[in-house]
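To keep things clear, I will list the structure first and then write my remarks on it.
The values are calculated or read from the model by the stated rules, or taken from the named source; none is laboratory data. What you are looking at is a predicted structure, and each value in this text was computed from that prediction instead of being measured. All Cβ positions, even for glycine, are placed from backbone atoms using ideal geometry, and neighbour counts span all protein chains on display. The protein model used for the area step is the full one, side chains on, heavy atoms only, and it has no ligands, DNA or RNA in it. Shrake-Rupley method; radii C 1.70, N 1.55, O 1.52, S 1.80 Å.
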Amino acid sequence: QTCNAIRSKQKTSVKITFEEFEFLRKGKEDRSKVANILFLMIFSSSVLPYALMMFPNMLPVPFQPRDDALNKYHTLSRVRTHAVMETMLAIENAAIIPPISSKLNPFSGKAVRREMARMTDFCGTANSFFQATTPAQILELLGSTLQFPVGENVQKEVNQQTKLMTVPKQIIKGLSKSTGISNSPIMPTFMVRGKLAEYLRSLSESDKFLVEEKVDLNSINDNVLLEACSLRFIGTPESSPDELRRGLAIWLQHAVVRPGMQQNYNENLGRVALLCYNAIQGARDGRSESQLPRLMFQAPMMMSYANSIDKHP
């Protein structure tokens, strides 16, 4: 009923608030979840309990456990910090350790070496990501990678980039864990990519509404603001509303405003880069929930062993 009332309001050319837009977005997602659950109940009822156990987010919002909202964001902060560390290790391992599957196929040597070389190059890119201090530096680092190819017979390549096929699976899995899409190690990567692309599409709709409707960020309710920023990995649960509004404004500038001035811009890849940057900054933030992994980012711990001996003979 509430969704219908908001839609009726839209039809009369009356502007809706960001809170109302988010309510419509969640309603749309919940209806899709109900359809998926009904499908499982009819055609594979025996699998449904295990699916709910492994993917609790598949339930519509009204049926999900009503934990304390702030506690949920604290949990996400810890999970995202762990995801950053795990993704770093996974990328490095992919560059130096052949996958187990390569032992099953004696003819895969060339492809495996090519993939390991690709991941070695990506380690250098990841190093630059950690040195970047602003989102603009991240997007500048990627440069032409954020542009779709132009010319004839490039539609297949454009589709692959839109569906994030060019993003390493280690990044995909790290983002899926950080967003709550999937924590299951057995979920196929192509399914995770599809769900992540859908997540980015939802973010895109929300971002464009904020920019095109010229929503005053100061008018957004603090709880809705915290949720919107959490979806974009902006800040921590302890960040002040002013910090979150500044972070959201920077996100919109780099995700919508500046890309709108460019042709053939890959919005999905751009948002993936921004999510990675925000995840790294969140892991470094002294107010993030996870404490022990953050010690690796502390300045005193980053000195070389030789320097530590010189200072403490």
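For the pair region 206-246 / region 152-199, the C-alpha centres are spaced 25 Å from each other. Labels on offer are (i) 21.4, 76; (ii) 22.3, 74; (iii) 19.9, 60, and the one holding Rg and Dmax of the Cα atoms in Å computed from this structure is (i). Among 214-223, 103-112, the peptide with the highest mean count of other Cβ atoms within 10 Å heads the list, and the full ranking is 214-223, 103-112.
Rounded to 0.05, the FRET efficiency of the Ile16 and Cys123 pair, given R0 = 41 Å and the Cβ-Cβ distance, is 0.35.
Report in % the part of the accessible area of the chain that belongs to carbon and sulfur, leaving out ligands and nucleic acids; probe 1.4 Å. Ligands and nucleic acids excluded, carbon and sulfur reach 58 percent. Highest mean packing first, where packing is the average number of other Cβ atoms within 10 Å per residue, the peptides 271-278, 194-201, 118-125 line up as 271-278, 194-201, 118-125. Multiplying the residue separation of Glu212 and Glu227 by 0.36 nm and subtracting their alpha-carbon distance yields 3.4 nm. Around the amide H of Tyr265, modelled in the peptide plane, lie the amide H atoms of Phe148, all under 5 Å away and 5 or more residues distant in sequence or on another chain.
Hey, quick one: spin label on Asn264, modelled 7 Å out along Cα-Cβ, who in region 194-211 has an amide N within reach, i.e. under 20 Å? Under 20 Å, as judged by backbone N against the label point of Asn264, lies no residue of region 194-211. Taking a point 7 Å from the Cα of Thr75 along the Cα-to-Cβ direction, the residues of region 157-194 with backbone N closer than 15 Å to it are 177-184. The modelled label-to-label distance for the pair Ser32/Lys169, using points 7 Å beyond Cα in the direction of Cβ, is 2.4 nm. Modelled spin labels at Ser219 and Leu295, positioned 7 Å past Cα toward Cβ, are 4.8 nm from each other. With contacts taken as Cα pairs under 8 Å at a separation of at least 6 residues, the chain carries a relative contact order of 24 percent.
Can you list which of the DSSP-assigned H helices in the chain have a Cα extent of 20 Å or more along the long axis and an average Kyte-Doolittle score of at least 0.0? Could you put the intermediate results ahead of the total?
Details: long enough: 18-43 (38 Å, -0.02); 69-96 (41 Å, 0.15); 109-131 (34 Å, -0.44); 189-212 (34 Å, -0.11); 267-284 (26 Å, 0.16).
Span-like helices here: 69-96, 267-284.
Please work out the average accessible area per residue across the chain, using the 1.4 Å probe convention, and give it in Å². The partial results should precede the final answer.
Details: 18950 Å² over 313 residues.
For the chain, the solvent-accessible area averages 61 Å² per residue.
Computed over Cα pairs, the Kirkwood radius of region 66-150 leads via Stokes-Einstein (1.567 mPa s, 4 °C) to a diffusion coefficient of 81 µm² per second.
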